[in-house]
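K.L.:
One structure coming up, written as structure tokens, with questions to follow.
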Amino acid sequence: MADVIKPNYVMRKSAWCAIRPWEILVLLLSVGALVGSFMVPDPFNKVLLVAAGVAFLLPLLVIVFKVINLMDDTISIYYNKVVEKHGIFNTVEDTRIFTQVLAVKIKQNIWGKIFNYGTIYFDVVGQKWDFDMRGVKNPRKAKEFLESYAANGFGMQQFIVD
């Protein structure tokens, strides 16, 4: 059996980063319309009930689809590469060479602080802020790992250019 190399660190994306505030607002407004349709006299009740039901189900289905599609997203850090895998329905795998980490930065908006997700930027030799990983769960822990990874000299490779 082939030897499988395990990643040094695996980051997962948060489901909260997939949900936009306006989607929650539309969902709440449609719940209000659904409740309000029960208070309208009978001739219009069925029409309003169907319209409010559709207005409730559409954003709910969009949110559920986004969360299910995001559940399998991982960012795996190996000693020499970073592998990002996206999606259950449509799968995308992106591999990047991982040389030496120079700097790590995290960015969190108000929702990210509340629900503990954020964007991690890290600079490797060559370009400023080479990688950005959006919607990562527990970004502070990931930042600590990447900084210790850089401090211990892992990920440093020599490349010979002709």
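K.L.:
For the subset of the range 78-115 comprising residues that are at pLDDT below 85 and of a type in the set (S, T, N, Q), which member is most open to solvent (accessible area, probe 1.4 Å)?
P.N.:
Asn90
K.L.:
Could you check Val82 against (1) hydrophobic (A, V, I, L, M, F, W, C); (2) part of a strand (DSSP E or B); (3) touching a helix residue (DSSP H, G or I) at 6+ places or on another chain (Cβ under 9 Å) and say which number it fails?
P.N.:
Unmet condition: (3).
K.L.:
Which of the residues spanning the range 89-112 are closer than 20 Å to Asn138 by Cβ and part of a strand (DSSP E or B)?
P.N.:
Answer for the range 89-112, where residues must be closer than 20 Å to Asn138 by Cβ and part of a strand (DSSP E or B): Val101, Ala103, Val104, Lys105, Ile106, Lys107.
K.L.:
Take Leu60 and tell me if it is within 20 Å of the chain's Cα centre (by Cα), modelled with pLDDT of 75 or more and either within 21 Å of Trp111 (Cα to Cα) or polar (S, T, N, Q) (or both).
P.N.:
Criteria met by Leu60.
K.L.:
If you don't mind, there's one more thing I want to ask. Give the residues of the range 71-112 that are under 12 Å from the mean Cα position of the chain (by Cα), over 14 Å from Phe131 (Cα atoms) and touching a residue at least 60 places away in the same chain (Cβ under 8 Å), sorted by residue number.
P.N.:
Hits for the range 71-112 are Asp73, Thr74, Gly112.
The values are calculated or read from the model by the stated rules, or taken from the named source; none is laboratory data. Everything numeric in this text was worked out from a predicted model, so none of it was measured. Neighbour counts are summed over all protein chains in view; Cβ atoms, including those assigned to glycine, are modelled from backbone coordinates with ideal geometry. Accessible surface is based on the protein model in full, side chains and every heavy atom, while ligands, DNA and RNA are left aside. Shrake-Rupley method; radii C 1.70, N 1.55, O 1.52, S 1.80 Å.
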